[in-house]
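Working notes, structure below.
The values are calculated or read from the model by the stated rules, or taken from the named source; none is laboratory data. Everything numeric in this text was worked out from a predicted model, so none of it was measured. All Cβ positions, glycine included, derive from the backbone under ideal geometry; neighbour counts span all protein chains shown. Remember, those area values only see protein heavy atoms, side chains included, never the ligands or the DNA or RNA. Shrake-Rupley method; radii C 1.70, N 1.55, O 1.52, S 1.80 Å.
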Amino acid sequence: EVQLVESGGGLVQPGGSLRLSCKVSGFTFDDYRIGWFRQAPGQVREGVSCMSSRDGSTYYADSIKGRFTISVDNAKSTMYLQMNNLKPEDTAVYYCAASKATVDCRIGLGFPFWGRGTLVTASL
């Protein structure tokens with residue numbers, strides 16, 4: 001069964017860094033599209049970054065481009081989101097997700113498998 005578990009969230013000052021991890025099971029990265037999403041209270045879900053091994057493509061939201069990096073460690077069955085120069089507006093619950101089919105990364109349309117989320121708070 002496909003499962004995803006996030007970790008690495010926490011409290012950090014603006015300008016600081018965090019690395020989120022997502023341990024996956026039940027699938028291999030070469031067969032799936034993967035992504036990171038976030039949702040703040042009262043806001044719609046936002047696609048942060050996605051990657052597909054089928055075509056080698058990546059996506060980054062304009063709001064985080066140049067600050068966040070998505071990566072995969074196949075040996076550890078883990079995907080990562082390195083977050084640098086965090087801003088207060090980055091505060092949200094962050095989710096990892098996976099899909100076997102072609103999907104839209106902007107808001108996570110079509111992603112059937114999700115982790116339960118990890119909270120990131122960038123505040124003084």
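Would a scan of region 102-123 turn up a residue that is modelled with pLDDT under 95, charged (D, E, K, R), closer than 12 Å to residue 38 by Cα and part of a loop (DSSP other than H, G, I, E, B)?
yes
Looking at region 86-124, which of its residues are under 16 Å from residue 49 (Cβ atoms), more than 13 Å from the chain's Cα centre (by Cα) and among the β-branched types (Val, Ile, Thr)?
103
List pairs: first in region 73-97 and among the small types (Gly, Ala, Ser), second part of a helix (DSSP H, G or I), Cβ under 9 Å, 6+ apart or cross-chain?
That search, which allows pairs on different chains as well, returns 77/29.
Here is a check on your reading of the model: is residue 111 within 23 Å of residue 5 (Cβ to Cβ) and open to solvent by 10 Å² or more (accessible area, probe 1.4 Å)?
Taking the combined requirement at face value, the residue satisfies it.
Scanning region 1-45 for residues that are within 19 Å of residue 84 (Cα to Cα) and of a type in the set (Lys, Arg), which turns out farthest from the chain's Cα centre (by Cα)?
Per the stated criteria, the residue is 19.
Can you tell me how many residues within region 18-40 are hydroxyl-bearing (Ser, Thr, Tyr) and surrounded by 13 or more Cβ atoms within 10 Å (Cβ to Cβ)?
The number of residues fulfilling the criteria is 2.
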